[in-house]
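The values are calculated or read from the model by the stated rules, or taken from the named source; none is laboratory data. Bear in mind that the values here come from a model prediction, so they are computed numbers and not experimental data. Every residue, glycine as well, gets a Cβ built from its backbone with ideal geometry; the counts of neighbours run over all protein chains shown. Quick note on the areas: whole protein, heavy atoms, side chains included, nothing else; ligands and nucleic acids left out. Shrake-Rupley method; radii C 1.70, N 1.55, O 1.52, S 1.80 Å.
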Amino acid sequence: MNAAQLLQDSLSPNQAARESATQQLEAAARDNFHGYLHTLAVELANESQDLNVRYAAGLAFKNAIAARDSINQPQLTERWLALPDSATAPLKQSTLSTLGSPQHRAGAVAASCVSAIAAIELPVNKWPELIPQLLEFVGNQENQGLRVSTLQAVGFICEVIDPEILSAKSNEILTAVVQGARKEEPSHEVQHAAIQALLNSLEFIRDNFEREGERNYIMQVVCEATQSPSVTVQVGAFECLVRIMHLYYEKMDFYMERALFGLTIMGMKHHEEPVALQAIEFWSTVCEEEIELSQAAMEAYEMGEQPLYESKGFAKAALPDILPVLLELLCQQNEDDDEDDWTKSMAAGCCLELLANNVGNDIVQPVVPFVEAGITQPDWQRREAAVMAFGSILDGPDPEVLAPLVTQALGALIGMMQNDPSLQVRDTVAWTLSKICENMLQVIDPAVHLENLITALVIGLNASPRTCNSCCAALNSLVVQISGDADLLGDDVPTSAMSKYYSGILKELMPIAERPTNHANSRSAAYQTISVFLGASANDTLPVVQEVAAAMLARQEALLGMQNQLVGMDDRNNWNDMQINLCVVIQSFIRRSPSLAAPFADRIMTNLLSLIQASGKHAGVLEDAFATVGGLASALEAGFGKYMEHFTPFLFSALASFEDWQVAQAAVYVGSDIARAVNDGLIPYAERLMVALIDLLRSPVVQRQVKPNAITTIGEVALAIGGGFRPYLETTMSILSQAGSTSAAPGDEAMIDFVQTMRESIVDAFIGIMNGVKDSDVAAMQPYVPGIMGFLKTCWADEDRTDSFGTASLGLIGDFAEAYKGSIRDELLQDWVQQAIQWGRTRSGNKRAKTNAAYAQNAIKNASK
């Protein structure tokens with residue numbers, strides 16, 4: 001292969017050239033992994049090669065050994081470690097030598113390659129000379145580029161390596177990094193690289209940060225770096241302070257008082273926007289930490305416990321100093337600001353929202369004068385800032401404190417929405433009205449304000465895309481809170497205060513939903529609002545709802561007829577987006593009134609089958625198409641059976657999409673919906689469905705989050721087909737036993753959550769199987785009861801168990817006791833069972849847990865007679 005040309009093409013703006021090059025490179029990696037890496041390392045190290053080619057070679061090298069997610073990393077690690085040392089040694093030496101390249105971009109990508117190799121080799125005690133070699137490079141005063149790239153490599157390594165692996169070298173690493181970050185460092189480029197390395201290693205140096213002397217020195221170096229003449233160093237230093245506040249909030253009292261208050265307030269006023277943004281982010285982080293600590297403390301007190309840490313109230317103490325700065329920053333908008341750009345005024349608005357959430361009522365009194373003074377100013381920036389400030393404090397303070405202010409301001413805001421000459425002001429007014437509708441709807445008197453408010457919001461739908469989005473959000477809040485939650489409505493809701501506005505609002509939304517483009521997501525917002533309105537509709541609006549649903553089906557049919565006219569990916573993506581939105585609306589229609597949807601069922605299903613066939617396995621389209629099929633199955637119940645023959649080939653194909661986990665997940669969900677709907681109508685398809693689900697559970701490729709849902713679906717299948725599940729019982733129990741043995745390492749929060757979710761699903765599956773077979777062959781489950789009870793005992797001993805698991809397992813224990821009575825007496829009378837029942841009986845906030853505990857207790861009592 002012509003490696004240089006392929007690497008060049010892999011970065012090409014031409015999609016066909018890029019995809020072809022990528023495919024050839026992947027094929028080369030499969031055919032001869034070592035040869036592939038060797039070629040890439042040679043190109044990366046070649047100083048006479050084009051810089052873009054060198055960069056592409058480094059990127060490809062790193063991606064060949066470092067996965068984007070932890071699921072696929074073991075396979076890449078194994079592939080690298082399978083290479084002999086004689087093959088990997090030259091590769092490591094080549095990447096190390098490239099750190100010193102005079103072309104900084106080549107050195108930077110070499111740093112990522114070195115860290116990727118280190119992440120594999122250091123945990124298995126290989127490459128012991130790496131850290132000493134890197135520390136020697138950092139101290140090389142003759143080669144500035146080498147020092148910069150090496151510091152980058154050190155930072156990357158500290159970010160990905162467990163600190164215990166490098167504990168013997170951690171002090172030397174920290175010393176080297178902090179040495180480069182000091183104000184005495186003559187090279188700003190080296191100082192910036194050192195600050196970035198420190199940023200990446202802040203978790204790695206947790207033990208050092210526990211020691212006051214070392215912590216003081218680190219904080220001194222970082223604080224001094226915020227005053228560097230170099231803007232990039234200042235930005236990096238403030239980034240470090242943000243991260244330090246997040247990781248070590250409980251240790252910040254001394255530094256806040258002595259330095260951080262002043263430094264960050266001056267930083268927010270900095271004329272260089274990147275510096276100001278990080279200083280604002282510092283206070284946003286303070287607020288986020290304090291909000292989380294306050295919530296955790298409240299939960300602890302409710303449980304009768306003392307919280308581990310409590311908020312120190314940094315933001316409240318600093319309010320008189322930081323609030324005036326934030327309010328002034330709100331006024332620093334530019335007319336040509338792009339809404340996708342993160343500006344000082346946007347960051348200040350976000351910080352102000354967090355501040356209000358954090359300090360509550362204390363923020364209201366100092367903000368009100370700013371709002372009152374600014375709202376009538378001739379400068380649009382002042383008016384917009386005043387409205388933004390008002391909208392930003394609506395979530396946090398007590399509603400009764402805000403109510404008189406909102407009541408007083410509502411009329412003025414509605415007037416500004418209709419009449420203010422500035423688009424930016426109208427945009428922000430629409431956003432503020434959406435916040436009022438979300439958080440303060442109780443102050444809106446329908447007789448006084450509702451009609452004018454809705455009129456203003458409907459006018460705003462046809463303004464800018466941003467205004468349209470806010471108006472849609474406001475309308476969503478209005479209809480849900482005034483009409484009621486769609487899932488709780490039921491069919492017997494004759495009318496609502498929103499009913500008379502339905503026709504007019506939907507009439508305005510329909511053309512927006514039919515726009516050919518989705519600028520700033522405004523078309524999707526219109527579809528979402530249509531969906532919400534359909535779901536929350538009262539009976540007197542059902543004729544309008546039916547009319548809209550019919551129009552949506554016609555729109556879907558028209559789009560299906562256009563699929564052969566699509567040119568290029570942009571057309572295809574736009575088509576996919578519209579189909580997804582149409583599915584969401586149709587789902588809402590089906591859920592709101594199954595009886596109203598039933599006459600449309602053939603048409604809906606025909607469209608969906610055509611859409612699934614035309615989707616080209618696009619995950620987003622398939623997810624929503626399958627969800628709509630599931631909704632239709634739930635609505636029709638046994639009546640869905642007539643579509644099974646046509647739909648199941650698509651279902652089985654999707655279940656086998658192991659590498660496209662969203663598609664597999666969607667198929668699992670719809671399989672569950674169908675099982676619940678058609679019950680024994682599933683029997684002709686049960687064998688293929690069970691084979692597909694078991695293959696999915698056994699697959700090492702499919703992402704793990706799919707598997708708990710697949711297990712739950714097996715329980716639904718068993719419940720649906722009853723005695724017909726008997727042939728699959730032994731295999732299923734074996735699979736569930738293996739799944740139940742999954743464990744998580746202490747501290748691995750993601751894996752702990754996964755294990756708990758898996759356990760919940762396993763119990764749900766046991767319940768489904770038990771209830772499925774008990775009427776026809778209850779004895780079939782009895783041999784598995786001791787093993788299942790052993791599994792439950794293990795789970796109950798885990799302090800991380802969830803309430804959902806506890807509640808469901810009590811129901812399962814009751815089912816066993818009721819079915820097998822004295823024959824499983826020994827299992828039922830174990831201490832842990834009584835402890836579990838006692839847990840359920842004392843769950844005052846969990847009615848189902850109390851019910852299941854009583855059921856289990858009575859069933860065990862009867863079984864013991």
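Side notes on the structure shown:
- Annotation: extensible slack from ASP445 through GLN8 equals 150.9 nm (criterion: 0.36 nm per residue apart, minus Cα-Cα distance).
- Each residue of segment 213-218 was assigned a 3J(HN,Hα) from its phi angle through the Karplus curve 6.51 cos²θ - 1.76 cosθ + 1.60 (θ = phi - 60°); the sequence is x, 5, 4, 4, 5, 4 Hz, with glycine and proline shown as x.
- Coupling constants for segment 290-307 follow from the phi torsions by the Karplus curve (6.51 cos²θ - 1.76 cosθ + 1.60, θ = phi - 60°), and in residue order they are 6, 4, 5, 5, 5, 5, 5, 5, 4, 5, 5, 4, 5, 8, x, 10, 8, x Hz; glycine and proline get x.
- FRET efficiency for the GLU292 to SER776 pair, using the beta carbon distance and R₀ = 45 Å, is estimated at 0.30.
- Listed by chain and number, the lysines placed with their C-alpha closer than 26 angstrom to that of LYS435 are LYS316, LYS344, LYS500, LYS507; residues fewer than eight positions away on the same chain are left out.
- The residues of segment 56-136 have, on average, 42 Å² of accessible surface per residue, using a 1.4 Å probe with all protein chains present.
- More than 26 angstrom apart: percent of Cα pairs within segment 225-363: 24
- For segment 777-848, the solvent-accessible area of protein heavy atoms averages 49 Å² per residue (probe radius 1.4 Å; ligands and nucleic acids excluded).
- Within a straight-line Cα-Cα reach of under 16 Å, LYS774 can be paired with the following lysines, leaving aside sequence neighbours fewer than 8 residues apart in one chain: LYS821.
- Cut-off 11 Å (backbone N to label point 7 Å along Cα→Cβ of THR794), residues of segment 746-763: none
- Relative contact order of the chain, pairs being alpha-carbon contacts under 8 Å that are 6 or more residues apart, as %: 4
- By the rule of a C-alpha distance below 17 Å, with chain neighbours fewer than 8 residues away ignored, the aspartates and glutamates paired with LYS126 are GLU78, ASP85, ASP162, GLU164.
- Binned Cα-Cα distances of the chain, short to long, each 20 Å bin given as a whole percent: 12, 33, 43, 12, 0
- Seen through its C-alpha gyration tensor, with square-root eigenvalues sorted a ≥ b ≥ c, segment 303-459 comes out oblate because a/c lies at 1.5 or above while a/b is not bigger than b/c.
- Along its principal axes, segment 654-703 has C-alpha extents of 32, 17, 12 angstrom, given from the largest down.
- Gyration tensor (alpha-carbon) shape descriptor, segment 1-55, a/c threshold 1.5: oblate
- For TRP431, the solvent-accessible surface computed with a 1.4 Å probe is close to 60 Å², ligands and nucleic acids excluded.
- List THR802, THR150, THR232, ordered by accessible area with a 1.4 Å probe, largest first: THR232, THR802, THR150
- Simple label model, 7 Å out from Cα along Cβ direction - VAL42 to ASP695, nm: 4.2
- In a fully extended conformation the segment linking LEU560 and GLN15 would gain 193.6 nm over its present Cα-Cα distance, using 0.36 nm per residue.
- Calculated FRET value between ALA67 and SER503, using beta carbons and R₀ = 51 Å, to 0.05: 0.45
- Measuring with a 1.4 angstrom probe and ignoring ligands and nucleic acids, HIS270 comes out at about 40 Å² accessible.
- Cα gyration tensor category, rounded, prolate or oblate, for segment 83-236 with a/c compared to 1.5: oblate
- Virtual spin-label span in nm between THR517 and GLU328, 7 Å along Cα→Cβ: 3.9
- The length gained by stretching the chain between SER230 and THR851 to full extension, at 0.36 nm per residue less their Cα-Cα distance, is 217.0 nm.
- Using a probe of 1.4 Å on the protein chains alone, the accessible area found for LEU719 is around 90 Å².
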